[in-house]
Amino acid sequence: MLKKQAGFTLIEMMIVLMVISILLLITVPNVTKNNSSINKKGCEAYLKMVQSQVQAYQMENGNQTPTVELLKQNQYISTTTCPSGETIVIVDGTVQLEQ
């Protein structure tokens, strides 16, 4: 006599894989389409954060305008690039993307 074993059948496994595949087909294009928008917003936020660090440096050092490298050396910021990979610069105390 054969005992009935509990487990998934091949058909059930194939249905689960099909559902996962369909979900991936729906989500992957949406994520890649919005990737540039996500990086742009991340870069805008990072520029604002670096601008506040410039102001903090100026308050601590008598209105001396720092360079990006100086901010990094003094650990005000951790990187000199945006999440999108663009380099930031400081021109006349204003943080902007390198042209």
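Can you find a residue that is over 27 Å from Gln99 (Cβ atoms) and of a type in the set (Asp, Glu) anywhere in segment 66-83?
no
Table: residues versus (1) touching a residue at least 12 places away in the same chain (Cβ under 8 Å); (2) in contact with a strand residue (DSSP E or B) (Cβ under 6 Å, 6 or more places away or on another chain); (3) more than 21 Å from Ser36 (Cβ to Cβ).
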{"residue": "Glu60", "(1), (2), (3)": "no, no, yes"}
{"residue": "Pro66", "(1), (2), (3)": "yes, no, yes"}
{"residue": "Cys82", "(1), (2), (3)": "yes, no, no"}
{"residue": "Glu86", "(1), (2), (3)": "yes, yes, no"}
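Return yes or no: is Lys33 in a helix (DSSP H, G or I), on the phi < 0 side of the Ramachandran plot and modelled with pLDDT of 90 or more?
So Lys33 fails the test.
Got a number for residues in segment 41-54 being of a type in the set (S, T, N, Q) and loosely packed, with under 13 Cβ neighbours inside 10 Å? Break it down stepwise before answering.
From segment 41-54, those of a type in the set (S, T, N, Q) are 51-53; that's our starting set.
From what is left, the residues that are loosely packed, with under 13 Cβ neighbours inside 10 Å are 52.
Counting residues in segment 41-54 that are of a type in the set (S, T, N, Q) and loosely packed, with under 13 Cβ neighbours inside 10 Å gives 1.
Please specify each residue of segment 65-76 satisfying the condition of being in a loop (DSSP other than H, G, I, E, B) and surrounded by 18 or more Cβ atoms within 10 Å (Cβ to Cβ).
So the first thing to find is which residues in segment 65-76 are in a loop (DSSP other than H, G, I, E, B), and the list is 65-67, 74-76.
Across segment 65-76, the qualifying residues are Pro66, Tyr76.
The rows are residues; the columns are (1) β-branched (Val, Ile, Thr); (2) touching a residue at least 12 places away in the same chain (Cβ under 8 Å).
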| position | (1), (2) |
| --- | --- |
| Leu10 | no, no |
| Val16 | yes, no |
| Lys40 | no, yes |
| Tyr57 | no, yes |
| Leu71 | no, yes |
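Would you call Gln5 touching a residue at least 24 places away in the same chain (Cβ under 8 Å) and among the polar types (S, T, N, Q)? Working first, answer last.
Numbers: touching a residue at least 24 places away in the same chain (Cβ under 8 Å): no; among the polar types (S, T, N, Q): yes.
Here the answer is no, as Gln5 does not meet what is asked.
The values are calculated or read from the model by the stated rules, or taken from the named source; none is laboratory data. In this text, all values refer to a predicted model and were calculated from it rather than measured experimentally. When we count neighbours, we look across all protein chains shown, and the Cβ atoms used for this are built from the backbone with ideal geometry, even at glycine.
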